[in-house]
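Report on one structure; see the data block that follows.
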């Protein structure tokens with residue numbers, strides 16, 4: 001009788017332990033699940049097919065807000081993918097079919113380091129903001145990576161001030177003021193803010209389209225325009 005009582009007590013104890021563990025796992029996973037659910041879903045409708053994407057306001061908040069505002073303003077409707085390099089990326093969102101540049105708002109703050117720290121990198125299928133040589137110049141144009149482009153990622157800055165040792169492209173620098181590295185234009189990289197969730201076959205079709213000269217561009221322009229008919233928020 002006493003033995004059965006001990007067994008029952010043990011079962012209750014281990015049952016409570018398993019329940020507590022299950023609750024802990026559920027609570028610890030819920031923020032990630034929430035982030036996945038909260039990621040806005042959009043459809044990029046092109047004349048070559050649809051591309052479904054999601055964007056990450058928790059990882060690049062200003063960049064995503066900027067992108068979504070352009071979507072809301074219908075800025076992208078009727079623009080083209082004007083730059084297509086098969087083993088690199090496809091870029092669009094800035095010019096219409098007549099190669100007239102669309103007006104934009106002021107540039108959005110660069111969030112590349114923040115986004116990379118949150119796990120976003122320039123890998124196949126990920127979206128990033130296009131810009132000039134000035135890291136703080138991104139407005140509306142974006143690109144989709146068609147291969148892994150690690151060289152486009154921000155360069156991590158080691159801890160410390162000054163930074164005791166910093167290696168970049170085979171050169172080693174010692175005792176560099178941290179501010180110098182944080183502001184070095186070549187170390188910013190490109191801000192990743194979303195990824196393709198379906199329709200990579202359309203991306204591959206676009207990247208395989210023949211290119212040449214077009215409008216003000218001497219190379220890499222699709223000979224048959226690849227038109228972004230619309231970008232719409234679906235969730």
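Which of the residues belonging to segment 209-231 are surrounded by fewer than 19 Cβ atoms within 10 Å (Cβ to Cβ) and under 23 Å from the mean Cα position of the chain (by Cα)?
Hits for segment 209-231 are 220, 229, 230.
Is it the case, given these coordinates, that residue 122 is part of a loop (DSSP other than H, G, I, E, B), loosely packed, with under 14 Cβ neighbours inside 10 Å and touching a helix residue (DSSP H, G or I) at 6+ places or on another chain (Cβ under 8 Å)?
So residue 122 fails the test.
Give the residues of segment 154-167 that are under 24 Å from residue 123 (Cβ atoms) and crowded, with 21+ Cβ neighbours inside 10 Å, sorted by residue number. Write out each step before concluding.
Applying the first criterion (under 24 Å from residue 123 (Cβ atoms)) to segment 154-167 yields 154-158, 167.
Residue satisfying the conditions is 154 alone.
Based on this model, can you work out whether residue 201 counts as assigned by TED's automatic domain parsing to the domain that holds residue 137 and out of contact with any strand residue (DSSP E or B) (no Cβ under 7 Å at 6 or more places or on another chain)?
On the way: assigned by TED's automatic domain parsing to the domain that holds residue 137: yes; out of contact with any strand residue (DSSP E or B) (no Cβ under 7 Å at 6 or more places or on another chain): yes.
Here the answer is yes, as residue 201 does meet what is asked.
Quick one: is residue 170 in contact with a strand residue (DSSP E or B) (Cβ under 9 Å, 6 or more places away or on another chain), exposed (fewer than 14 other Cβ atoms within 10 Å of the Cβ) and free of Cβ contacts under 8 Å to residues at least 12 places away in the same chain?
On the way: in contact with a strand residue (DSSP E or B) (Cβ under 9 Å, 6 or more places away or on another chain): no; exposed (fewer than 14 other Cβ atoms within 10 Å of the Cβ): yes; free of Cβ contacts under 8 Å to residues at least 12 places away in the same chain: yes.
The answer is no for residue 170.
If you take the residues in segment 99-125 that are without any contact (Cβ under 8 Å) to a residue 12 or more places away in the chain and out of contact with any strand residue (DSSP E or B) (no Cβ under 7 Å at 6 or more places or on another chain), which one is farthest from residue 208 (Cα to Cα)? Steps first, answer last, please.
Going through segment 99-125, the residues without any contact (Cβ under 8 Å) to a residue 12 or more places away in the chain turn out to be 100-101, 103, 117.
Narrowing further to those that are out of contact with any strand residue (DSSP E or B) (no Cβ under 7 Å at 6 or more places or on another chain): 100, 103, 117.
Details: 100: 24, 103: 29, 117: 32 Å.
Step by step, filter segment 99-125, then rank; the result is 117.
The values are calculated or read from the model by the stated rules, or taken from the named source; none is laboratory data. Here the structure is a predicted model, which is why all the values come from computation and not from measurement. Cβ coordinates were reconstructed from backbone atoms using ideal geometry, including for glycine residues, and neighbour counts include every protein chain displayed.
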